[in-house]
Amino acid sequence: MSWLELLNNLESGAVRAASQNESGQWQANIEVKKGILEAFKNGTNTEFAGGFVDKHNLAPQEFSTEDGVRMVPGGSSVRRGAYVAKGTIIMPPAYVNIGAYIDEGTMVDSHALVGSCAQVGKNVHLSAAVQLGGVLEPIGASPVVVEDDAFIGAGCIIVEGVVIKKGAVLAPGVRLSATIPVYDCVNERQLDKGEPIPEYAIVIPGSRPASNEWAREQGLSMSCALIVKYRDEKSDASLLLEEVLR
(Lines give C-alpha, C1' and ligand atoms only; values in the text may rest on other atoms or scores of the structure.)
Protein backbone atom coordinates (compact mmCIF):
# COMPACT_ATOMS: atom_id res chain seq x y z
CA MET A 1 0.00 0.00 0.00
CA SER A 2 1.37 3.42 -0.94
CA TRP A 3 1.50 6.22 1.60
CA LEU A 4 -1.29 8.01 -0.30
CA GLU A 5 -3.57 4.97 -0.13
CA LEU A 6 -2.72 4.63 3.55
CA LEU A 7 -3.70 8.21 4.36
CA ASN A 8 -7.01 7.73 2.54
CA ASN A 9 -7.67 4.48 4.39
CA LEU A 10 -6.83 6.09 7.73
CA GLU A 11 -9.28 8.90 7.07
CA SER A 12 -12.04 6.46 6.11
CA GLY A 13 -11.39 4.29 9.15
CA ALA A 14 -10.54 1.27 7.00
CA VAL A 15 -7.19 0.89 8.78
CA ARG A 16 -6.02 1.99 12.22
CA ALA A 17 -2.68 2.75 13.80
CA ALA A 18 -3.47 0.33 16.65
CA SER A 19 -5.96 -2.48 17.28
CA GLN A 20 -6.90 -5.05 19.90
CA ASN A 21 -5.64 -8.61 19.65
CA GLU A 22 -7.66 -11.70 20.57
CA SER A 23 -6.88 -11.23 24.26
CA GLY A 24 -8.08 -7.62 24.18
CA GLN A 25 -4.64 -6.04 24.39
CA TRP A 26 -3.90 -2.99 22.24
CA GLN A 27 -1.00 -3.24 19.82
CA ALA A 28 0.53 -0.77 17.39
CA ASN A 29 0.14 -1.46 13.69
CA ILE A 30 3.76 -1.11 12.67
CA GLU A 31 3.04 -1.08 8.93
CA VAL A 32 0.65 1.83 9.37
CA LYS A 33 3.19 3.81 11.34
CA LYS A 34 5.85 3.07 8.72
CA GLY A 35 3.48 4.37 6.06
CA ILE A 36 2.86 7.58 8.00
CA LEU A 37 6.61 8.17 8.30
CA GLU A 38 6.91 7.52 4.56
CA ALA A 39 4.32 10.22 3.92
CA PHE A 40 6.40 12.69 5.94
CA LYS A 41 9.48 11.66 3.97
CA ASN A 42 7.74 12.28 0.65
CA GLY A 43 6.26 15.61 1.66
CA THR A 44 7.77 19.01 0.94
CA ASN A 45 7.14 22.14 2.94
CA THR A 46 4.57 24.42 1.40
CA GLU A 47 2.63 27.51 2.41
CA PHE A 48 -1.06 27.22 3.29
CA ALA A 49 -3.66 29.95 3.68
CA GLY A 50 -3.25 31.85 6.91
CA GLY A 51 0.53 31.80 6.90
CA PHE A 52 0.97 28.16 7.87
CA VAL A 53 3.77 25.93 6.58
CA ASP A 54 3.56 22.13 6.59
CA LYS A 55 4.18 19.14 4.35
CA HIS A 56 2.23 19.58 1.12
CA ASN A 57 0.60 16.13 1.44
CA LEU A 58 -0.60 16.57 5.05
CA ALA A 59 -3.00 19.48 4.68
CA PRO A 60 -5.79 19.85 7.28
CA GLN A 61 -9.05 18.11 6.48
CA GLU A 62 -12.22 19.96 5.53
CA PHE A 63 -15.64 18.67 6.61
CA SER A 64 -19.12 19.02 5.15
CA THR A 65 -22.55 18.42 6.67
CA GLU A 66 -22.58 15.00 4.97
CA ASP A 67 -19.63 13.94 7.16
CA GLY A 68 -21.74 14.35 10.29
CA VAL A 69 -18.88 16.04 12.15
CA ARG A 70 -19.47 19.35 13.91
CA MET A 71 -16.25 21.38 14.07
CA VAL A 72 -17.05 24.73 15.65
CA PRO A 73 -15.19 27.77 14.23
CA GLY A 74 -12.27 29.16 16.16
CA GLY A 75 -8.96 27.56 15.26
CA SER A 76 -9.41 23.78 15.44
CA SER A 77 -7.66 21.50 12.96
CA VAL A 78 -7.81 17.85 11.97
CA ARG A 79 -4.69 16.80 10.13
CA ARG A 80 -4.58 14.58 7.06
CA GLY A 81 -4.66 10.88 7.92
CA ALA A 82 -6.86 11.17 11.02
CA TYR A 83 -10.28 9.52 11.32
CA VAL A 84 -13.19 11.42 12.85
CA ALA A 85 -16.52 9.57 12.97
CA LYS A 86 -20.03 10.92 12.62
CA GLY A 87 -21.47 12.55 15.70
CA THR A 88 -18.12 13.91 16.85
CA ILE A 89 -17.99 17.48 18.15
CA ILE A 90 -14.74 19.45 18.08
CA MET A 91 -14.69 22.70 20.06
CA PRO A 92 -12.14 25.42 19.34
CA PRO A 93 -9.25 25.42 19.53
CA ALA A 94 -8.50 21.70 19.39
CA TYR A 95 -6.08 19.61 17.36
CA VAL A 96 -6.30 16.05 16.03
CA ASN A 97 -3.03 14.76 14.62
CA ILE A 98 -2.21 12.26 11.87
CA GLY A 99 -3.10 8.62 12.54
CA ALA A 100 -5.54 9.45 15.33
CA TYR A 101 -8.89 7.67 15.46
CA ILE A 102 -12.01 9.20 17.06
CA ASP A 103 -15.15 7.09 17.13
CA GLU A 104 -18.83 8.12 17.06
CA GLY A 105 -20.40 10.53 19.53
CA THR A 106 -17.19 11.79 21.10
CA MET A 107 -16.71 15.34 22.37
CA VAL A 108 -13.30 16.96 21.88
CA ASP A 109 -13.45 20.10 23.99
CA SER A 110 -11.48 23.36 23.81
CA HIS A 111 -7.68 23.24 23.91
CA ALA A 112 -7.72 19.42 23.73
CA LEU A 113 -5.04 17.51 21.84
CA VAL A 114 -5.53 14.09 20.29
CA GLY A 115 -1.95 13.16 19.46
CA SER A 116 -0.65 11.20 16.49
CA CYS A 117 -2.05 7.65 16.39
CA ALA A 118 -4.06 8.08 19.63
CA GLN A 119 -7.20 5.92 19.64
CA VAL A 120 -10.46 7.25 21.10
CA GLY A 121 -13.64 5.19 21.37
CA LYS A 122 -17.35 5.91 21.14
CA ASN A 123 -19.14 8.48 23.32
CA VAL A 124 -15.94 9.63 25.01
CA HIS A 125 -15.76 13.08 26.59
CA LEU A 126 -12.38 14.78 26.33
CA SER A 127 -12.78 17.86 28.52
CA ALA A 128 -11.01 21.18 28.10
CA ALA A 129 -7.22 21.08 27.87
CA VAL A 130 -6.97 17.28 27.83
CA GLN A 131 -3.72 16.06 26.28
CA LEU A 132 -3.54 12.60 24.71
CA GLY A 133 0.09 12.01 23.81
CA GLY A 134 1.04 11.00 20.29
CA VAL A 135 3.59 8.46 19.16
CA LEU A 136 5.19 7.81 15.78
CA GLU A 137 8.59 6.72 17.03
CA PRO A 138 9.83 4.30 18.19
CA ILE A 139 7.92 2.44 15.51
CA GLY A 140 6.65 -0.36 17.77
CA ALA A 141 5.46 1.86 20.62
CA SER A 142 1.73 1.66 21.31
CA PRO A 143 -0.29 4.88 21.37
CA VAL A 144 -2.58 6.23 24.06
CA VAL A 145 -5.98 4.53 23.96
CA VAL A 146 -9.24 5.77 25.50
CA GLU A 147 -12.00 3.20 25.15
CA ASP A 148 -15.78 3.67 24.78
CA ASP A 149 -17.80 5.77 27.26
CA ALA A 150 -14.77 7.08 29.18
CA PHE A 151 -14.89 10.56 30.69
CA ILE A 152 -11.60 12.45 30.82
CA GLY A 153 -11.72 15.51 33.07
CA ALA A 154 -10.28 18.94 32.35
CA GLY A 155 -6.52 19.25 32.18
CA CYS A 156 -5.76 15.52 32.25
CA ILE A 157 -2.53 14.41 30.60
CA ILE A 158 -2.27 10.83 29.29
CA VAL A 159 0.97 9.81 27.60
CA GLU A 160 3.37 6.92 26.86
CA GLY A 161 0.82 4.40 25.65
CA VAL A 162 -1.45 4.40 28.69
CA VAL A 163 -4.77 2.62 28.08
CA ILE A 164 -8.02 3.84 29.64
CA LYS A 165 -10.58 1.04 29.62
CA LYS A 166 -14.30 1.31 28.91
CA GLY A 167 -16.33 3.66 31.09
CA ALA A 168 -13.44 4.87 33.24
CA VAL A 169 -13.57 8.39 34.67
CA LEU A 170 -10.55 10.62 35.25
CA ALA A 171 -11.06 13.58 37.54
CA PRO A 172 -9.63 16.94 36.46
CA GLY A 173 -5.86 17.15 36.60
CA VAL A 174 -5.02 13.43 36.57
CA ARG A 175 -1.65 12.69 34.95
CA LEU A 176 -0.85 9.21 33.69
CA SER A 177 2.34 7.92 32.12
CA ALA A 178 4.31 4.69 32.05
CA THR A 179 6.13 5.67 35.26
CA ILE A 180 3.37 7.22 37.37
CA PRO A 181 2.03 4.60 39.80
CA VAL A 182 -1.70 3.94 40.11
CA TYR A 183 -3.15 2.68 43.39
CA ASP A 184 -6.51 0.91 43.50
CA CYS A 185 -7.86 1.93 46.90
CA VAL A 186 -10.97 -0.22 46.40
CA ASN A 187 -9.14 -3.49 45.79
CA GLU A 188 -6.10 -2.46 47.84
CA ARG A 189 -3.44 -3.04 45.23
CA GLN A 190 -1.01 -1.18 43.02
CA LEU A 191 -1.55 -1.64 39.31
CA ASP A 192 1.29 -3.33 37.49
CA LYS A 193 3.44 -1.17 35.24
CA GLY A 194 1.68 -0.84 31.90
CA GLU A 195 -1.60 -2.21 33.25
CA PRO A 196 -4.63 -0.36 31.85
CA ILE A 197 -6.90 1.78 33.98
CA PRO A 198 -9.72 -0.72 34.70
CA GLU A 199 -13.23 -0.48 33.31
CA TYR A 200 -15.50 1.99 35.14
CA ALA A 201 -12.74 3.05 37.55
CA ILE A 202 -12.95 6.57 38.96
CA VAL A 203 -9.47 8.06 39.22
CA ILE A 204 -8.31 11.18 41.07
CA PRO A 205 -4.89 12.86 41.39
CA GLY A 206 -2.84 11.72 44.37
CA SER A 207 0.60 11.93 45.92
CA ARG A 208 2.95 9.60 47.78
CA PRO A 209 6.06 10.20 49.89
CA ALA A 210 9.27 10.49 47.90
CA SER A 211 11.36 7.33 48.04
CA ASN A 212 14.66 9.06 48.81
CA GLU A 213 15.34 9.45 52.56
CA TRP A 214 16.55 13.04 52.20
CA ALA A 215 13.46 13.93 50.17
CA ARG A 216 11.20 12.39 52.82
CA GLU A 217 12.96 14.44 55.50
CA GLN A 218 12.10 17.54 53.48
CA GLY A 219 8.46 16.48 53.34
CA LEU A 220 8.54 16.06 49.57
CA SER A 221 6.05 13.92 47.68
CA MET A 222 5.64 12.48 44.19
CA SER A 223 2.68 12.33 41.84
CA CYS A 224 0.46 9.24 41.63
CA ALA A 225 -3.13 8.40 40.72
CA LEU A 226 -5.78 6.88 42.98
CA ILE A 227 -8.75 4.72 42.03
CA VAL A 228 -11.22 5.74 44.74
CA LYS A 229 -14.33 3.92 43.53
CA TYR A 230 -16.01 2.31 40.55
CA ARG A 231 -18.97 3.80 38.71
CA ASP A 232 -22.46 3.28 40.02
CA GLU A 233 -25.89 4.65 39.12
CA LYS A 234 -25.24 7.93 40.93
CA SER A 235 -21.94 8.60 39.17
CA ASP A 236 -23.42 7.50 35.83
CA ALA A 237 -26.21 10.07 36.18
CA SER A 238 -23.73 12.88 36.83
CA LEU A 239 -21.79 11.95 33.68
CA LEU A 240 -24.74 11.50 31.33
CA LEU A 241 -23.89 12.93 27.93
CA GLU A 242 -26.58 15.12 26.43
CA GLU A 243 -27.71 13.66 23.11
CA VAL A 244 -29.15 17.03 22.11
CA LEU A 245 -25.57 18.36 21.82
CA ARG A 246 -24.85 15.79 19.14
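Can you give the % of DSSP beta bridges in the stretch 62-245 that are antiparallel, to the nearest 5? Please list the in-between numbers first.
On the way: 11 of 45 bridges.
The antiparallel fraction comes to roughly 25 percent.
Report the net charge of residues surrounding Lys165, where surrounding means a beta-carbon distance below 12 angstrom and charges are Lys +1, Arg +1, Asp -1, Glu -1.
On the way: positive: Lys166, Arg231; negative: Glu147, Asp148, Asp149, Glu195, Glu199.
Taking every Cβ under 12 Å from that of Lys165, the sum is -3.
If each residue of separation counts as 0.36 nm, what is the full-extension length gain between Gln218 and Val72 once their alpha-carbon separation is subtracted? Working shown, then result.
Details: separation 146, 0.36 × 146 = 52.56 nm, distance 4.83 nm.
Gain in length upon complete extension: 47.7 nm.
Please provide three numbers in whole Å: the alpha-carbon extents of the stretch 62-245 along the principal axes, with the largest listed first.
60, 41, 28
Kindly list the residues of the stretch 103-146 that lie in the label zone of Ser19, defined by a backbone N under 18 Å from the point 7 Å along the Cα-to-C-beta vector.
103-104, 117-122, 140-146
Calculate what fraction, in whole %, of the accessible area of the chain sits on carbon and sulfur atoms when a 1.4 Å probe is rolled over the protein chains.
Numbers: 6410 of 12570 Å².
C and S atoms contribute 51 percent here.
Return, ordered by residue number, the residues of the stretch 61-79 whose backbone nitrogen is under 16 Å from a label point located 7 Å along Cα→Cβ of Ser12.
Those under the cut-off are 67.
Which of the lysines could a cross-linker span from Lys122 if the Cα-Cα distance has to be under 17 Å and same-chain partners fewer than 8 positions apart are dropped?
Lys86, Lys165, Lys166
How much length would be gained if the chain were fully extended between Lys86 and Lys34, taking 0.36 nm per residue of separation minus their Cα-Cα distance, in nm to one decimal? Can you show the working numbers first?
On the way: separation 52, 0.36 × 52 = 18.72 nm, distance 2.73 nm.
Length difference between fully extended and current span is 16.0 nm.
What number, rounded to the nearest 500 deg cm²/dmol, is the helix-based mean residue ellipticity at 222 nm of the chain, given -39500 (n - 2.57) per DSSP H run of at least four residues and division by all its residues?
Details: 4 runs with 34 residues, N = 246.
Per the formula, -4000 deg cm²/dmol.
Need one value: the accessible area of Asp149 in square angstrom, 1.4 angstrom probe, rounded to the nearest 10.
Rounded to the nearest 10, the figure is 60 Å².
Which of rounded, prolate or oblate describes the stretch 57-157 when judged by the alpha-carbon gyration tensor and an a/c cut-off of 1.5? Could the numbers behind the result be given before it?
On the way: a/c = 1.44, a/b = 1.13, b/c = 1.27.
It is rounded, given that a/c, with a ≥ b ≥ c, falls under 1.5.
What FRET efficiency, computed as 1/(1 + (r/R0)^6) with R0 = 51 Å and r the Cβ-Cβ distance, is obtained for Thr44 and Ser177, rounded to the nearest 0.05?
On the way: r = 35 Å, r/R0 = 0.68.
The calculated FRET efficiency here is 0.90.
Could you give the accessible area per residue of the chain, probe 1.4 Å, as a whole number in Å²?
For the chain, the per-residue accessible area is 51 Å².
The values are calculated or read from the model by the stated rules, or taken from the named source; none is laboratory data. What you see is a predicted model; the values in this text were computed from it and never measured. Quick reminder, even Gly has a Cβ in these numbers, built from the backbone with ideal geometry, and neighbours come from all protein chains shown. Accessible surface is based on the protein model in full, side chains and every heavy atom, while ligands, DNA and RNA are left aside. Shrake-Rupley method; radii C 1.70, N 1.55, O 1.52, S 1.80 Å.
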